Amino acid sequence: MRHIGIRKWGPGLLVMIPSIVVIAVFVYGLIGWTVNTSLTDRTTALPADGYVGLENFTNLFQDDRFIHSLKNLGILTVVFIVGTMVLGFLWALLLERGFKGEGIFRSIYLFPMAVSFIASGVVWRWLLNSAQGDEAGGLNKLFDSLHLGFLQNPWWNDPDWGMAAMAIPAIWQLSGYVMALFLAGFRGIPGELREAARVDGASEFQMYRHVIFPQLSPVALSALIIVGHMSMKMFDLIMAVSGAQYLTEVPAVYLWTTLLGSNYAKACAIAVILLVVVAIVVVPYLISNARAEKRR
Amino acid sequence: MRRLSLVAGIAALGLALAGCGGDDSDNSAGDTGGNSGSGTEASGDVEVFTWWTEGGEKAGLDGLVKVFGEKYPNLKFVNGAVAGGAGSNAKAVLASRLQTQDPPDTFQGHAGGELSDYIKAGQLEDLSDLYQSEGWSDVFPKTLIDAITYEGKIYSVPSNVHRANVVWANPSVLEKAGIDPAAEPPASIADWITQLDKVKASGVETPLSIATDWTQVQLLETVLISDLKADAYKGLWTGDTKWDSAEVTTALNDYAKLMSYTNSNRSSLDWPDAANMVRDGKAAYNVMGDWVAANWQGEKLEEGTDYIYFPVPGSQGTFDFLSDSFTLPVGAKNPEGAKDWLRVVGSAEGQKAFNTVKGSIPARTDASAADYPTYQQSAIKDFSTDTIVPSLAHGAAASISWLNDITSAVGKFGTSKFDSGAVSELQSGLTQAASNNLQS
Amino acid sequence: MSTQTIPAPATSAAAPRPRKKKSSPRSQTARTVRFVLLVLFLLMVLLPAYVLFVTSFKPSAETSADRAWLLPQNWTTEGWKTAWDSLSPSLWRTFQLAIPAALISSAIGSINGFVLSRWRFPGADVLFTLFLFGMFIPYQAVVIPLRQLTVWIGLPNGIPTLIFVHIIYGIPICTLIFRNYYASVPHELVEAAQVDGAGMFRTYASIILPLSGPGFVVTIIWQFTSAWNDYLFAIFLSNTRNGPITIALNALAGGQLTNYSASMAGAMIASIPTLIVYIVLGRYFVGGLMAGSVKS
């Protein structure tokens, strides 16, 4: 943006003031409350006696259970983000040019988003049933009867990589939405750009590679952030598929069980760590992205 | 000029929106708590907060409501049930309502350790006077009263009693393994392990079925009762018995041995699945609370031919109890109405209405066993003669946060190979949990 | 440019797409491959839906993981009846919640997104980053103080509070989506309007808003779905008597003694409104609104 006066940008700031106020109160006010509580000794339903500095945090990082939940979250997040981004982008690419019956595909790809995990959790509990062979149910049974028995696996019951399987229902649910984001992005690209590329003699592939894809990077960023923030807070899915148990515990579930034990300080400390992790990953990216946009 | 009018327009929209909010808040101005929505002005409402929304629990609640309606026609029962998460959703919502000084008139909680969090936070009223005036101290067993008394005061009224240390077994699977189901059940964990080996040798892949973390905690607590016996087990919750002692190590080794007979898909099952493995002949034994009996009676299974049951070997003569109870929160809008609800809960009539359908037994000792099905009859008899100890997995023995820590350690053990390294890790986890929670 | 009349979304969506048909053997194969891929993905997405569907018509004796793939032997609508009885009272309330929540937060997000991408004020990027960061706050950690806050403001428990909360927590994500969507609007369009002397609101109303169809589709889908399927805020800020459908659905499907056919039927009943939104709104992707209006 070149230098412009307040008369120019003033109205912009003005219309955003209501949003700024509610975000300040309901997001940052509550983040402030969370940070504040995380520094106290409020480990019961009683009010805090005083501040304990970073003790709650150091305790957490010496807590095997917490480290285990972070590991689970890491696996879940990577598989979930890669899965939804790849599938969503692929679907959008396949549907992008539009054809008869496209609407049916699009609606069905989107449909899983309509189903809340409270209900579809039951189905996924079945589908990801770990029993194999004669006892098999769900997907293992399907593999078995399709003579794809070697594909049978214990899904999320595997103590090492099970969390990767936990991402499957999440990928199922959100790939369609990522597709919608990319489709909106594709459709937002003016037809002239494509025409111009064609006139210049670019092949179809070159046109996508050099004209279309670069235009999609802001949309890809939206998708990444939306999927990422879902992953960080992944809670409903895990509660529905496995319930709160050690094997599949992620920080959000740990936070919930801690809250039930009225250990507010520890629960808030977990929340703060989640936020810090996000900050470390997202903020540099946002800043570099903002800079790149300015250069353009 | 046009821009100005647009700004004005948006400002007006903003005001209109704010106005909506304002109107709503005016409507509820009388409602200090803001929750009851439909008329707190009707002083006759009693909001009863539970997580009983299905099955026998719901039927039991309905039974209580019926008695309540007959006895106190001026009071109106308001159902504040919150479903899901095996009560965890309800507990979270309850915590938030207690924090915002908007408690229900009475809420359900497991009697014993679980309520200690609320009591310590000063969120519950002392009900000792009600016990006096209703004469409950005489009709509830002394051991039960002891278990729910906190620093000399009683804060809850038990509506029912369940037993947690019960083994459910499939007689035909046992017979095939050369075990006579009609014979005296094994008397110790060691004897039981001999039987489990026989079952395993007969080709049953899963001699002992188990489900997700909390069912493993329940198995562990019954093993602790069997190996330590009642007094030392109770000492675990007061600090008198040390978690790092050799006796506990022995019990944990037994537990590890038992876990080696269990199904590997345990994490993906809940208790009905594990119990049904016994019903369907896929497992020989399952340790679960006596709500299994209610389920199987409902399915018209025959006791003796379809299933048998006995106390967890080594814990004969001990009744590992859990009990749902109702409380009076500080700041309840209708404390008198809530007390009437508690009167119904503690009454012989209310307990009968509740327990005959829920599949549990009454906490009162003056109930007539003849009103109940056969399993409950035997439980009623044991309850009056056995030593009563509090269940860990069901909130009677320890606070919620202690149970949390234990469940996590046990869950972690459940993903291990059950070797000696895992046992010592489990023991140090349990010791740590005790030291975290005993001091406060 | 600024004076052009913009076709209403409905008509432009229904209008036939001008598309040059060039059929070479290569593009023919490409089209076949695309179609096969689309159908394969479709089957993958529909697998859980199939289980959901057939189970909802099974009597309880036939509902288990190892029979998940079988058709019902005895078709029954018992599950649907049970589900309808327990869900119908809250259905209407959920509309009252989800529609305003989706529309208002999308509208706010659109204006914010416009200001942050095309009518920037100093510090706009910082503000945007702060908005985004707020999305990552784990709601489980803050529901208790949030409840305190809404009681303190004086909002009555139930739908009004939930609308309010969903709008607030929808602002960051809607702002993100619109900002990144508008980032693909060519600078020239906005600059041309400014040369014509249009102020902020006129630029927004005449240039940006008409191009916003796909963006609105994406945000409305997101907001409608998350308000419709939200459970966490619902249990804390409402109850069975004044709350949305997820509370009733959870009572049906979230327990241990689950009535599987009723909970699957309930899941479908609860998803139908969201699905309808997708089908109706999905058509507006097709129009390629942006490209169309630019071309004209």
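Among the chymotrypsin sites (Phe, Trp or Tyr not before Pro) in region A:141-242, those placed in a DSSP loop whose Cβ has at most 14 other Cβ atoms within 10 Å are A:161. Dipole magnitude for chain C: about 1020 debye, using +1 per Lys or Arg Cβ and -1 per Asp or Glu Cβ, origin at the Cα centre. Placing a pseudo-label 7 Å from each Cα along the Cα-to-Cβ vector at residue C:85 and residue B:416 gives an inter-label distance of 4.9 nm. The longest part of chain C holding none of the exposed loop trypsin sites (Lys or Arg not before Pro), meaning those outside H, G, I, E and B in DSSP with at most 12 other Cβ atoms within 10 Å, is C:23-296. For the segment C:175-183, counting C-beta atoms of other chains within 10 Å of every residue's C-beta and taking the mean gives 6.
Shown in residue order for region A:135-145 are the 3J(HN,Hα) couplings computed by the Karplus curve 6.51 cos²θ - 1.76 cosθ + 1.60 at θ = phi - 60°: 7, 4, x, x, 4, 4, 5, 4, 4, 4, 6 Hz (x for Gly and Pro).
Backbone amide hydrogens, once placed in the peptide plane, bring residue B:388 within less than 5 Å of B:319, excluding anything fewer than 5 places away on its chain.
For the protein assembly as shown, the percent of C-alpha pairs falling in each 20 Å distance bin, counted from 0 to the bin holding the largest distance, reads 12, 42, 33, 11, 1.
Using the Cβ-Cβ distance between residue B:436 and residue C:152 with R0 set to 30 Å, the FRET efficiency works out to roughly 0.35.
Remark: spin-label model distance residue B:247-residue A:206 equals 8.5 nm, labels positioned 7 Å along the Cα→Cβ axis. For region A:73-111, the set of trypsin sites (Lys or Arg not before Pro) satisfying both a DSSP loop assignment and a count of at most 11 other C-beta atoms within 10 Å is given as A:100. Counting neighbouring Cβ atoms within 10 Å and putting the fewest first, the residues C:230, B:231, A:134, B:340 line up as A:134, B:231, B:340, C:230. Three semi-axes describe the equivalent ellipsoid of region A:9-74; taken as square roots of 5 times the Cα gyration tensor eigenvalues and ordered largest first, they are 35, 19, 9 Å. Summary: within chain B, the longest segment free of trypsin sites (Lys or Arg not before Pro) located in DSSP loops with at most 14 other C-beta atoms within 10 Å is B:1-241. Each of B:355, B:294, B:132 was placed along the dipole of chain B (beta-carbon charges, centred on the mean Cα), and the one lying farthest toward the positive end is B:294. Backbone N atoms of region B:144-162 closer than 18 Å to the 7 Å Cα→Cβ label point of residue B:66 belong to residues B:160.
Derived scalar couplings between HN and Hα for region B:310-327 equal 7, x, 3, x, x, 10, 4, x, 10, 10, 7, 9, 9, 8, 7, 9, 10, 10 Hz in order, rounded to whole Hz, by the Karplus curve 6.51 cos²θ - 1.76 cosθ + 1.60 (θ = phi - 60°), x for Gly and Pro. For a straight C-alpha distance cut-off of 19 angstrom, the aspartates and glutamates reachable from residue C:81 (same-chain residues fewer than eight places away being disregarded) are B:54, C:62. Taking the number of Cβ atoms within 10 Å of each Cβ as an exposure proxy, the fewest-first ranking of A:75, A:225 is A:75, A:225.
Using only side-chain charges placed at the Cβ, +1 for Lys and Arg and -1 for Asp and Glu, the dipole size of region A:73-263 relative to its Cα centre rounds to 480 debye. Note on the protein assembly as shown: dipole from Cβ charges, positive end direction compared against B:100, B:328, C:123; the farthest Cα belongs to C:123. When the charge dipole of region A:117-263 is built from unit charges on Cβ atoms (+1 for Lys and Arg, -1 for Asp and Glu) and taken about the Cα centre, the candidate among A:164, A:133, A:216 whose Cα reaches farthest toward its positive end is A:216.
Once backbone amide H atoms are built at 1.01 Å from N, residue B:47 has B:78, B:105, B:106 as its partners under 5 Å, excluding neighbours fewer than 5 places away on the same chain. A simple spin-label model places the labels of residue C:92 and residue A:64 5.6 nm from each other, with each point 7 Å out along Cα-to-Cβ. Relative to a virtual label point 7 Å from the Cα of residue B:172 in the Cα→beta-carbon direction, which members of region B:300-328 show backbone nitrogen distances below 15 Å? Residues B:301-308 fall inside that zone.
Shape call for chain A from the C-alpha gyration tensor, a ≥ b ≥ c root eigenvalues: rounded (a/c under 1.5), prolate (a/b greater than b/c) or oblate? Because a/c hits 1.5 or more and a/b fails to exceed b/c, chain A counts as oblate. To test your reading of the geometry: what angle, between 0 and 90 degrees and rounded to tens, separates the Cα axis of helix C:78-118 from the longest principal axis of chain C? Helix C:78-118 and the main axis of chain C meet at about 20 degrees. Ordering A:229, A:210, A:68 from the fewest to the most neighbouring beta carbons within 10 Å gives A:210, A:68, A:229.
Return the subset of B:76/B:339; B:71/B:333; B:153/B:358; B:58/B:352; A:71/B:257; B:198/B:282 for which the Cα-Cα distance in this structure is over 18 Å, preserving the input order. Flagged as over cut-off: B:71/B:333; B:153/B:358; A:71/B:257. Averaged over the residues of A:246-252, the number of partner chain Cβ atoms lying within 10 Å of the residue Cβ comes to 5. This model, with +1 at the C-beta of Lys and Arg and -1 at the C-beta of Asp and Glu, gives chain B a dipole about its Cα centre of some 780 debye.
3J(HN,Hα) couplings calculated from phi for region C:26-38 with the Karplus curve 6.51 cos²θ - 1.76 cosθ + 1.60 (θ = phi - 60°) are, in sequence order, 5, 5, 5, 4, 4, 5, 5, 4, 4, 5, 4, 4, 4 Hz; Gly and Pro show x. On the basis of the beta-carbon distance and an R0 of 56 Å, residue B:240 and residue A:28 show a calculated FRET efficiency of 0.70. Projected over all directions and averaged, the alpha-carbon convex hull of chain C occupies 21.0 nm².
Tally Lys/Arg at +1 and Asp/Glu at -1 over every other residue whose Cβ is under 10 Å from the Cβ of residue B:279; what's the total? Charge balance near residue B:279 sits at -2.
Which of C:55, C:94, C:76 moves most in a GNM of chain C, Cα contacts under 10 Å? Among C:55, C:94, C:76, the largest GNM mean-square fluctuation belongs to C:76. The helix-only estimate of mean residue ellipticity at 222 nm for the protein assembly as shown, built from DSSP H runs of length n ≥ 4 each weighted as -39500 (n - 2.57), is -19500 deg cm²/dmol after division by the residue total.
Peptide C:34-42 has a mean of 4 when you count, residue by residue, the C-beta atoms of other protein chains within 10 Å of its C-beta.
Where a number appears in this text, it was derived from the coordinates with a stated rule and is not lab data. Quantities reported herein were computed from a predicted structural model and do not represent experimental measurements. Glycine gets a Cβ as well: all are built from the backbone with ideal geometry, and neighbour counts include every protein chain shown.
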